[in-house]
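Beneath this line is the structure, given in structure tokens, with notes to follow.
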Amino acid sequence: MSILILTRVSAENAAMWRDLLAAALPEETLLPVVPGGLPEDVDLSEVDVAIVANPPPGLLTACGNLKLIQSLWAGVDALLTDDTLPAGPVLARLVDPALAAAMAEAVATWTLWLHRQGPDYQASEIAHEWRQRFQPTAAERKVGLLGLGAMGRASAGLLKQIGFDVAGWSRTAVKIPGIRTFSGPDGLDAMLAETEILVNLLPLTEETRGILGAPLFSKLPAGARVVNFGRGDHLVPADLLVALERGQLSHAVLDVFSKEPLRPECPYWDNPQITVLPHVAAATDPRTAAREVAENIRRFRRGEPLVGIVERKRGY
Ligand code: NDP
Ligand code: OXD
């Protein structure tokens, strides 16, 4: 059997992935990578594993004996909106401790920046204004995380280490030492009521689409800050702009957008209450991701439970 790598990255990038995966899976046959397309003159009925990153819709249907689709992305929302995605194969998302550590670093960075009143001092600097503000301690700052999966747990741990008062929300109830945990709709309201900095690390599903909208913002204390590191469609843009204008929110850090790259004429760029990042909270590191993916494929070959299996109906 053989492995197909299907991606839309540049030829150079695709070759790098193939080399890393080939080195991590010396026992496997990896087909040549054609960015945005399928290799020619190969027997696709021999392909039982596809490693995918943003694959062009429809192409996987050419592999009639596919058993495993392994994503190189942590979030599989885009894959699941592809109606042509073969229904039979197991779908696994990327779970890479190095990716979670990178996300935790980003969450800590921007939470600290908001906690230390970065937007206010930036405004003072622009106005040439020497103004010292009262600074609460990290222990006095309540940070709430939406999502306590691979990204959420790593982030909660680092925020706790820094000294923040950390809470987190998930679908199912969990206990994490040192973190106040909430679940379900009532749990969300309880967490929001006391959250000064809210960080979204949810997957995009039918249940979570548009969660960062007016109803949620209205449950946060006035002047709260929001960080969106999940997906662009978690956010309702018009509701964000109104909440910022009314002071319900004081600042938003946005890393993900419904359409990426963010268009140059988007009003976010010039809004001093919004910080725009170009989807960099946690970038997949091919060196570590190739190892994790290879290990999952070895598990698959041995018939062992896989890491990161996606429940398609649930959407993550
Ligand atoms: P996981 O699947 O490990 O965790 C998802 C978490 O969200 C779980 O705690 C889950 O709850 C919770 N959740 C899902 N649906 C709901 C719901 N309806 N109500 C409450 N909680 C819910 O995902 P990861 O942590 O690996 O990744 C999360 C997302 O982060 C990705 O899907 C992707 O969109 C984004 N991401 C962004 C990156 C960036 O650079 N900006 C980089 C990598 C990821 P439960 O535990 O009960 O299942
Ligand atoms: C991912 C991402 O899901 O980079 O891996 O957003």
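The residue that is nearest to the chain's Cα centre (by Cα), counting only those in the stretch 75-89 that are near ligand 1 (Cβ under 10 Å from one of its atoms) and open to solvent by less than 60 Å² (accessible area, probe 1.4 Å), is Gly75. Checking each residue in the stretch 1-20 for being over 18 Å from Pro89 (Cβ atoms) and not hydroxyl-bearing (Ser, Thr, Tyr) picks out Arg8, Val9, Ala11, Glu12, Asn13, Ala14, Ala15, Met16, Trp17, Arg18, Asp19, Leu20. If the condition is being of a type in the set (A, V, I, L, M) and in a helix (DSSP H, G or I), then the stretch 260-316 contributes Ala289, Ala290, Val293, Ala294, Ile297.
The helices (runs of 4 or more DSSP H) found entirely in the stretch 118-217 that carry 1 or more residues being touching a residue at least 12 places away in the same chain (Cβ under 8 Å) and at positive phi are 184-193.
Can you tell me which residue in the stretch 209-222 is farthest from ligand 1 (Cβ to nearest atom), limited to those that are open to solvent by 20 Å² or more (accessible area, probe 1.4 Å) and among the small types (Gly, Ala, Ser)?
Restricting attention to the stretch 209-222, the residues satisfying the condition of being open to solvent by 20 Å² or more (accessible area, probe 1.4 Å) are 209-211, 214-215, 218-219, 221-222.
Subsequent filtering for residues that are among the small types (Gly, Ala, Ser) retains 210, 214, 218, 222.
Values: Gly210: 12, Ala214: 18, Ser218: 18, Ala222: 24 Å.
Checking each candidate, the answer is Ala222.
Checked against the criterion of being away from ligand 1 (no atom under 15 Å from the Cβ), modelled with pLDDT of 95 or more, more than 20 Å from Ala100 (Cα to Cα) and open to solvent by 20 Å² or more (accessible area, probe 1.4 Å), the candidates Glu194, Glu206 yield just one match: Glu194.
All of Val174, Val166 fail the test of being touching a strand residue (DSSP E or B) at 6+ places or on another chain (Cβ under 7 Å), among the β-branched types (Val, Ile, Thr) and open to solvent by less than 30 Å² (accessible area, probe 1.4 Å), apart from Val166. Applying the condition of being more than 11 Å from ligand 1 (Cβ to nearest atom) and open to solvent by less than 10 Å² (accessible area, probe 1.4 Å) to the stretch 90-103 and asking which residue is farthest from the chain's Cα centre (by Cα) yields Leu91. The single condition from (1) more than 15 Å from ligand 2 (Cβ to nearest atom); (2) more than 20 Å from Asn271 (Cα to Cα) that Leu201 fails is (1).
Is one or more of the residues making up the stretch 242-249 away from ligand 1 (no atom under 14 Å from the Cβ) and in a loop (DSSP other than H, G, I, E, B)?
Kept after step one, since they are away from ligand 1 (no atom under 14 Å from the Cβ), are these residues of the stretch 242-249: 242-249.
Imposing the further condition that a residue be in a loop (DSSP other than H, G, I, E, B) reduces the set to 247-248.
Scanning the stretch 242-249, I find at least one residue that is away from ligand 1 (no atom under 14 Å from the Cβ) and in a loop (DSSP other than H, G, I, E, B), so the answer is yes.
What do you reckon, is Ala252 away from ligand 1 (no atom under 16 Å from the Cβ), aliphatic (A, V, I, L, M) and touching a helix residue (DSSP H, G or I) at 6+ places or on another chain (Cβ under 7 Å)? The answer is no for Ala252. Beta carbons closer than 8 Å, at least 6 apart along the sequence or on distinct chains, pair a first residue in the stretch 68-86 that is closer than 16 Å to Ala282 by Cβ with a second that is assigned to a loop (DSSP other than H, G, I, E, B) and more than 10 Å from ligand 1 (Cβ to nearest atom) for Trp73/Asn54. Looking only at residues of the stretch 54-74 that are open to solvent by 50 Å² or more (accessible area, probe 1.4 Å) and within 16 Å of ligand 2 (Cβ to nearest atom), we find that the one that is modelled with the lowest pLDDT is Asn54.
Filtering the stretch 234-272 to residues that are open to solvent by 60 Å² or more (accessible area, probe 1.4 Å), closer than 24 Å to Lys219 by Cβ and either within 15 Å of ligand 2 (Cβ to nearest atom) or touching a residue at least 40 places away in the same chain (Cβ under 8 Å) (or both) leaves only Ser258. Taken as a whole, the stretch 25-45 holds no residue that is within 16 Å of ligand 2 (Cβ to nearest atom) and either open to solvent by 20 Å² or more (accessible area, probe 1.4 Å) or within 25 Å of the chain's Cα centre (by Cα) (or both).
The values are calculated or read from the model by the stated rules, or taken from the named source; none is laboratory data. All figures in this text were calculated on a predicted structure; none of them were measured in a lab. Here Cβ is always computed from backbone atoms with ideal geometry, including for glycine, and neighbour counts include all displayed protein chains. Accessible surface areas use protein heavy atoms only, side chains included; no ligands, DNA or RNA. Shrake-Rupley method; radii C 1.70, N 1.55, O 1.52, S 1.80 Å.
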